[in-house]
Amino acid sequence: MKTLKIAIQKSGRLNEKSVELLKNCGLSFDNYKSSLISPVSNFPLEILFLRDDDIPEYVQDGIADLGIVGENVISETGADVAYLQRLGFGKCSLKIAIPHTSTIRSIGDLNGKAIATSYPVILKRFLDEHKLKADIRTISGSVEISPGLGMSDAICDLVSTGGTLKSNGLQSFTDVMASEAVLIGRKGDEDNLLISELIQRVQSVLRARETKYVVLNIEKKNLERVKELLPGIKSPTVVPLAEEGWIAIHTVIPERDFWEKISELKAAGAEGIVVLPIEKIIL
């Protein structure tokens, strides 16, 4: 059986979450910071620890079968890869930011300005879409300090919380693209059985993160009302209680609706509500 290879970031903002996801998929391996390769002992898989800029091309060229990387990196490298699963972490935005004292007021005002960035390909595409020409100044790090040094009129960089912009006297001006971590593969390999099994494991972990397991007690006469609120995966599990006329309901609630649903359940007569985390959901 062929051993798969998956490439993840060696260090940086996606490394920890990528390792956590793979371990939650039941994969046993050591996260060697000093090694480029870590074998998985209970699945035919090797983990490659690489610079994020290299991951899309490693997958495109077949050196790695899979990769976990930010969408911004894929877009910047232009690698031709298949998006297999969005992973829900590493969310950020590539934004153009300007100094608080800037006279730039509209997109058109960027015409002829100097913009510093670590993402010249994405920025040029954005400017071309808006029929603008600007002086793109490529910087490999600390992009946010360039306006203060007189190197640029604006920057184009990744923004998560905006704290770095604020501390450097900058403000967000416009969005260029949204990004999050994605699982990628080589085009044409999507039907590989091992890859499909690994994707199923990843999806089961992601579903579990998005839901809560809930157990509650209600009077049997309120069952239909509560069932309308809690369909569960297919339908709620109903268990009779020792006390006459009472039942327990077991179900799952999406995280996004959790507190709203809890309030509705209490209004419908639910008591003794117990909420538990879910490790995996396999459909």
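Normalised by the number of residues in the stretch 92-179, the mean separation of alpha-carbon contacts (under 8 Å, six or more apart) gives a relative contact order of 49 percent. Model label sites at residue 250 and residue 121, defined 7 Å from Cα along the beta-carbon direction, differ in position by 5.0 nm.
Here each label is just a point 7 Å from Cα along the line to Cβ, and for residue 171 and residue 225 those points are 5.1 nm apart. Around the Cα centre of the chain, unit charges on the Cβ atoms of Lys, Arg, Asp and Glu (plus for the first two, minus for the last two) sum to a dipole of about 280 debye. Counted over the chain, the DSSP beta bridges are approximately 75% antiparallel. Under the criterion of Cα pairs below 8 Å and six or more residues apart, the relative contact order for the chain equals 19 percent. Computed over the Cα atoms of the chain, the ratio of the radius of gyration to the Kirkwood radius (Rg/Rh) comes to 1.10. For the stretch 92-179, the dipole from Cβ point charges (+1 on Lys and Arg, -1 on Asp and Glu) about the Cα centre works out to 80 debye, to the nearest 20. Quick check: the distance between the Cα centres of the stretch 109-148 and the stretch 56-72, to the nearest angstrom? Value for the Cα centre distance between the two parts: 26 Å. Annotation: extensible slack from residue 137 through residue 190 equals 15.3 nm (criterion: 0.36 nm per residue apart, minus Cα-Cα distance).
One chain, two ends: residue 41 and residue 243. Fully extended at 0.36 nm per residue, the span grows by 67.8 nm beyond their Cα-Cα distance. Screening the chain for DSSP H helices whose Cα atoms reach 18 Å or more along their own axis and whose mean Kyte hydropathy is at least 0.0 gives 193-209.
Return a single number: how many Lys pairs in the stretch 212-276, at a sequence separation of 8 or more or on separate chains, have alpha-carbon atoms below 18 angstrom apart. Counting lysine pairs in the stretch 212-276 gives 9. In order along the stretch 142-154, the Karplus-derived 3J(HN,Hα) couplings, from 6.51 cos²θ - 1.76 cosθ + 1.60 at θ = phi - 60°, round to 6, 4, 5, 8, 5, x, x, 8, x, 7, 7, 8, 7 Hz, and Gly and Pro are given as x. Per residue, the chain reaches -7000 deg cm²/dmol at 222 nm when only DSSP H runs of four or more residues are counted, each adding -39500 (n - 2.57). Modelled spin labels at residue 109 and residue 86, positioned 7 Å past Cα toward Cβ, are 3.2 nm from each other. Look at the alpha carbon pairs under 8 Å that are at least 6 residues apart: their mean separation over the length of the stretch 212-276 gives a relative contact order of 52 percent.
Quick note: the coordinates plus some simple rules give every number you see, no bench work behind them. Predicted, not measured: the structure shown is a model, and the values here were computed from it. Note that each Cβ is placed from the backbone with ideal geometry, even for glycine, and that neighbours are counted across all protein chains shown.
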